[in-house]
Every structure is written in structure tokens, then in C-alpha cells.
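Contents: one structure, followed by commentary.
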Amino acid sequence: MGDDELADIRRRKLAEMQQQAALHQQEMERQQQYEAQIQMALMQILEPKARERLNTIKLTRPDFAKAVEQQLVLLAQNGRITSKITDDQLKVILKQVTPAKREFTIRRKG
């Protein structure tokens, strides 16, 4: 391999890496815009105490909080939420959405 071929391979590899970095940056920007839109919608849907409760849940159970946020935004988009959700209403929604806990009893033989 000559120096020209190595330089050409390096240029192509560098261009490929730059393109991947640009795509990654675009994806990150899209994700941030989506998150910002959801937060704006939640500000319109939830009262401050309810939003605070949801943020606290997000710290401990981020996947669960994200699912609740998406459902609330979807309900608002479909027109099923007509007024702001209070903290008490959010508690009821969270109880309905939370999966039931299974209880296990262990019996020891003899």
C-alpha cells in the first residue's frame, strides 16, 4: 500500500466518523426537542404540586414516570383531559396505573 492509499483510507474513515457523529448529534437534538414538548404539555396539564410529585417519581422510577407522562399527554391530545390535574387526581391515576404487587408466603415444613 502506498502513502496515497493510506491517506485516502484515513480520509474516508474520518469522513465516516464525522457523519456518524453528526447523525448522533441530530438524534440527540430530536430527543431533547421531544422531551421539551412533553414538559411543556405537562406544564399545561398538571398543577404544580402534581408536577412536583411526578418529578419525584421520575427520580426513583424513571421508566414508570415516562410511561405516565406519555399517557397523560396522549389523553390531553385526545381531549379527554379538560382541566388541570390536581395532586389528588394524579395520586388516583398513579394507583390505577401501578401494577398490583404479588404477595408471597413461605411455609416451612416441620
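The values are calculated or read from the model by the stated rules, or taken from the named source; none is laboratory data. Source: prediction; values computed, not measured. FYI the Cβ positions are ideal-geometry reconstructions off the backbone, even for glycines, and counts take in every protein chain you see.
Can you pull out every residue in segment 53-110 that is of a type in the set (Asp, Glu) and over 26 Å from TYR34 (Cα atoms)?
Passing the criteria: ASP88, GLU103.
Spot the failing condition for GLU52; the list is (1) at pLDDT 95 or above; (2) more than 18 Å from the chain's Cα centre (by Cα), and only one is missed.
Exception for GLU52: condition (2).
Considering only segment 57-76, how many residues are free of Cβ contacts under 8 Å to residues at least 24 places away in the same chain, polar (S, T, N, Q) and surrounded by 11 or more Cβ atoms within 10 Å (Cβ to Cβ)?
Result for segment 57-76: 0.
Test of understanding: among THR60, THR82, which residue is over 18 Å from ALA41 (Cα atoms) and among the polar types (S, T, N, Q)?
Working: THR82 fails: over 18 Å from ALA41 (Cα atoms).
Exactly one of THR60, THR82 is over 18 Å from ALA41 (Cα atoms) and among the polar types (S, T, N, Q), namely THR60.
Residue-by-condition table, conditions (1) out of contact with any Leu (no Cβ under 7 Å at 6 or more places or on another chain); (2) among the acidic types (Asp, Glu):
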{"site": "LEU23", "(1), (2)": "yes, no"}
{"site": "MET28", "(1), (2)": "yes, no"}
{"site": "GLU35", "(1), (2)": "yes, yes"}
{"site": "GLN39", "(1), (2)": "yes, no"}
{"site": "ILE45", "(1), (2)": "no, no"}
{"site": "LYS49", "(1), (2)": "yes, no"}
{"site": "ARG53", "(1), (2)": "no, no"}
{"site": "ILE57", "(1), (2)": "yes, no"}
